[in-house]
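**Student:** Got a structure for you, questions after.
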Amino acid sequence: MRTAGNKASPVYGIAAEFSCARDLFRAAEKIRDAGFRRWDVFSPFPIDGMDEAMGMRRSLLGKIVFLGGLAGFLVAGAIQFAPTTFFYPLLVGGKPNGLFTAPAFFPILFELTILASAITAVAGMLVMNGLPRLNHALFNWDRFKKVTEDKFFVAIESGDPKFSERSVRDLLESLGGTHITTIHGD
Amino acid sequence: MTDKEVARPSLVLNRRTMGWISSYISSIVEERTPTWWWFSMGVTVPLTLLCLACLAYLVSTGVGVWGNNHPVGWAWDITNFVFWIGIGHAGTLISAILFLTRQKWRTSINRAAEAMTLFAVVCAAIYPALHVGRVWMVWFLAPVPNSNGIWQNFRSPLLWDVFAVSTYFAVSVMFWYTGLIPDLATVRDRCTSKIKKCIYGIMALGWRGGNRQWRHYEKAYLILAGLSTPLVLSVHSVVSFDFAASVIPGWHTTIFPPYFVAGAIFGGFAMVLTIMIPACALYKPLRDLVTADHVERMCKVILLMSSIIAYAYLMELFTAWYSGNPYERAAFYYRAAGPYWWAYAAMILCNVAVPQLFWFKFFRTHLLWVWIIVQFPNVGMWLERFAIVATTLTRDFTPSAWGMFHPTWVDVCTFAGTFGLFATLFLIFIRFLPMICMFEVKAVLPEADPHYGEER
């Protein structure tokens with residue numbers, strides 16, 4: 001029985017290696033159907049249709065970015081309207097001020113909306129992915145280094161309600177996983 | 001579906017595997033520093049220092065060391081600013097617009113093109129920041145409360161420009177870095193030395209490549225592409241507003257925003273090819289990823305953009321004539337036939353005439369020819385900006401205010417130095433970061449399809 005990490009620390013989960021995207025995809029569908037919750041598949045690149053194969057819904061990120069963009073828009077509106085209308089009205093050639101000159105504010109309204117949306121998109125992605133982090137139990141397993149090169153992995157976490165070493169090992173083996181390994185923490 | 005589907009040309013040649021892609025591209029970063037790199041740095045670093053020395057001289061002495069005068073208050077500084085920021089646009093176009101339109105061939109060139117964007121924007125940002133004169137007062141551009149109670153004029157295109165360019169730079173950095181994360185993880189996992197592992201490990205942010213990460217990642221990437229697309233179009237439009245929103249003949253035209261954007265894409269693609277062709281000559285196996293087909297497609301984009309700006313040049317002349325405005329007519333008469341006729345004529349040669357060679361497959365497929373031809377847009381786009389800035393200002397409304405512009409040695413050295421800065425940053429980039437987006441190239445391989453080899 002292969003193990004990785006410090007055997008004295010609690011088990012993170014059981015992982016298996018697959019050799020191609022197609023096998024990983026089929027395995028994901030089976031694990032989904034077996035009713036597991038806390039598990040993941042790992043691949044060197046995003047695989048088309050894997051979200052459905054794992055039974056996951058669309059990422060919520062889009063909605064969060066909308067809120068971020070809205071905040072940027074409102075800030076841009078405030079920092080332009082307030083000074084030009086109240087704090088420091090610039091009278092140039094008797095031309096109108098404040099709200100009447102709204103078209104002149106569009107470029108900055110647009111730019112700050114984009115900026116705030118982009119910041120929200122990147123920060124939101126990192127937070128939802130639990131990044132940045134310096135270490136992870138999976139990095140204790142040497143073979144896992146190949147995940148960023150050309151190998152594919154499945155890991156079922158010990159926190160899953162259906163987790164038991166025996167049954168998970170058998171399941172991964174029946175799906176064609178190789179190098180099935182119990183991963184411990186540090 | 002017919003039984004014989006038309007096969008698309010393969011994006012990666014010689015049946016390269018995923019493993020090969022990772023090991024080859026990472027090996028460029030991992031191997032010993034090649035001799036040519038030191039030689040190149042030997043040229044570009046002194047040029048960069050020259051630029052910095054000129055800027056130090058400028059700040060310590062005053063903007064008068066440049067050749068700017070009355071009436072030519074905007075001279076090489078604004079010309080060079082628009083030139084460099086325009087070059088940056090091809091990177092965003094390749095990474096964002098071609099991503100949204102699902103042009104998968106972009107995967108092997110987007111990383112280098114985005115890096116080019118960042119470095120071009122760095123070069124561009126020097127000029128507006130320093131031509132303000134008292135650089136230490138540049139924070140006045142930001143709307144922060146100050147003890148004088150002064151606020152910015154938010155109706156000024158120059159302030160829009162500050163927001164547009166800084167947003168563009170910030171979003172480009174985020175887009176580029178987001179694309180780098182999975183590849184930095186590849187380099188991290190291959191590293192053997194402890195120090196490198198630590199540095200790349202921190203930069204990779206702990207990326208594991210789980211699908212629960214990829215799904216947010218892909219969404220974020222899609223959103224960033226969607227945000228960058230209108231952004232890139234807006235940036236050069238806002239840059240063109242610096243001119244178009246004025247009341248100066250020759251500048252005050254509605255055609256400027258689309259004309260500037262097309263010119264930016266034109267010049268930017270020329271710069272991408274200028275850089276990528278030598279890079280692929282130095283690292284020969286890259287030709288399996290950046291194939292002749294890629295070069296040909298980029299040549300076609302250049303040809304299209306050349307035709308669009310040719311139309312814009314003609315339309316400018318027509319509008320000036322049709323407007324019946326004597327000042328407008330005079331501005332264009334002097335642009336084409338005034339003291340700077342040579343700049344206008346060379347611009348037409350470089351931007352309109354020479355790129356037409358790309359109609360012929362021969363010129364699109366022979367790399368040496370491609371490289372020679374794309375030097376013309378590089379020069380031509382600078383001349384275009386110079387022609388717009390200088391010809392209009394040297395021939396103002398009243399002949400008593402007419403005058404010529406002569407660059408000083410500081411102008412020349414600063415501009416030459418920005419090329420050194422650009423090249424130095426690019427050399428550092430190809431030495432320390434994977435210059436091709438490995439995970440995206442892997443994803444366009446046929447075996448990346450989860451149904452690869454299955455009966456349909």
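The values are calculated or read from the model by the stated rules, or taken from the named source; none is laboratory data. What you see is a predicted model, and the numbers here were worked out from it, not measured in a lab. So basically every Cβ, Gly included, is an ideal-geometry build from the backbone, and we count neighbours across all protein chains shown.
**Student:** If I go through region A:39-65 residue by residue, how many of them are at the interface with chain B (Cβ under 7 Å from one of its Cβ atoms) and of a type in the set (Gly, Ala, Ser)? First the steps, then the outcome.
**Tutor:** Step one: filter region A:39-65 for residues at the interface with chain B (Cβ under 7 Å from one of its Cβ atoms), giving A:40-51, A:54, A:56, A:59, A:61-62, A:65.
Add one more test, that the residue is of a type in the set (Gly, Ala, Ser), and what stays is A:43, A:49, A:59, A:62.
Total meeting the criteria: 4.
**Student:** Look through region A:124-134, keep the residues that are within 7 Å of another protein chain (Cβ to nearest Cβ) and in a loop (DSSP other than H, G, I, E, B), and return whichever of them is surrounded by the fewest Cβ atoms within 10 Å (Cβ to Cβ).
**Tutor:** By that ranking, first place goes to A:Leu134.
**Student:** Then there's this: Return the only residue of B:Val261, B:Val374 being modelled with pLDDT of 90 or more, part of a helix (DSSP H, G or I) and either in contact with a helix residue (DSSP H, G or I) (Cβ under 9 Å, 6 or more places away or on another chain) or under 21 Å from B:Ala112 (Cα atoms) (or both). I'd like the intermediate steps shown before the answer.
**Tutor:** On the way: B:Val261 fails: modelled with pLDDT of 90 or more.
Exactly one residue qualifies, and that residue is B:Val374.
**Student:** Within region B:1-109, considering only helices (runs of 4 or more DSSP H) that don't extend past its boundaries, which have at least 1 residues that are under 27 Å from the mean Cα position of the chain (by Cα), within 14 Å of chain A (Cβ to nearest Cβ) and buried (at least 20 other Cβ atoms within 10 Å of the Cβ)? Spell out the reasoning first.
**Tutor:** Details: elements: B:18-30, B:35-61, B:76-92.
Once the helices (runs of 4 or more DSSP H) in region B:1-109 are filtered for at least 1 residues that are under 27 Å from the mean Cα position of the chain (by Cα), within 14 Å of chain A (Cβ to nearest Cβ) and buried (at least 20 other Cβ atoms within 10 Å of the Cβ), what remains is B:18-30, B:76-92.
**Student:** Another one. In region A:146-186, what count of residues is obtained for those that are touching a Phe, Trp or Tyr at 6+ places or on another chain (Cβ under 8 Å) and basic (Lys, Arg)?
**Tutor:** Count: 2.
**Student:** Could I ask something else about it? Going by the conditions given, is A:Asp142 crowded, with 18+ Cβ neighbours inside 10 Å, under 30 Å from B:Leu205 (Cα atoms) and not hydroxyl-bearing (Ser, Thr, Tyr)?
**Tutor:** no
**Student:** Take B:Gly19 and decide whether it is small (Gly, Ala, Ser), modelled with pLDDT of 90 or more and out of contact with any Gly (no Cβ under 9 Å at 6 or more places or on another chain).
**Tutor:** no
**Student:** B:Val122: within 11 Å of chain A (Cβ to nearest Cβ) and either in a helix (DSSP H, G or I) or acidic (Asp, Glu) (or both), yes or no?
**Tutor:** no
**Student:** Could you grab me the full set of residues in region A:10-22 that are more than 9 Å from every other protein chain (Cβ to nearest Cβ) and either of a type outside the set (A, V, I, L, M) or at positive phi (or both)?
**Tutor:** Matches in region A:10-22: A:Pro10, A:Tyr12, A:Gly13, A:Glu17, A:Phe18, A:Ser19.
**Student:** Working only within region A:143-169, note down all residues that are within 10 Å of chain B (Cβ to nearest Cβ) and in a helix (DSSP H, G or I).
**Tutor:** Selection gives A:Phe144, A:Lys145, A:Lys146, A:Val147, A:Thr148.
**Student:** Something else: Looking at region B:153-178, which of its residues are at pLDDT below 90 and within 7 Å of chain A (Cβ to nearest Cβ)?
**Tutor:** Answer for region B:153-178, where residues must be at pLDDT below 90 and within 7 Å of chain A (Cβ to nearest Cβ): B:Asn153, B:Phe154, B:Arg155.
**Student:** I'd like the residue in region B:187-234 that is over 31 Å from the mean Cα position of the chain (by Cα) and among the polar types (S, T, N, Q) and, out of all such residues, is nearest to the other protein chains (Cβ to nearest Cβ). Full working, then the answer.
**Tutor:** We begin by selecting, within region B:187-234, every residue over 31 Å from the mean Cα position of the chain (by Cα); these are B:189-195, B:197-198, B:208, B:210-212.
The next check asks that each one be among the polar types (S, T, N, Q); those that pass are B:192-193, B:211.
Values: B:Thr192: 11, B:Ser193: 15, B:Asn211: 5 Å.
Selected residue: B:Asn211.
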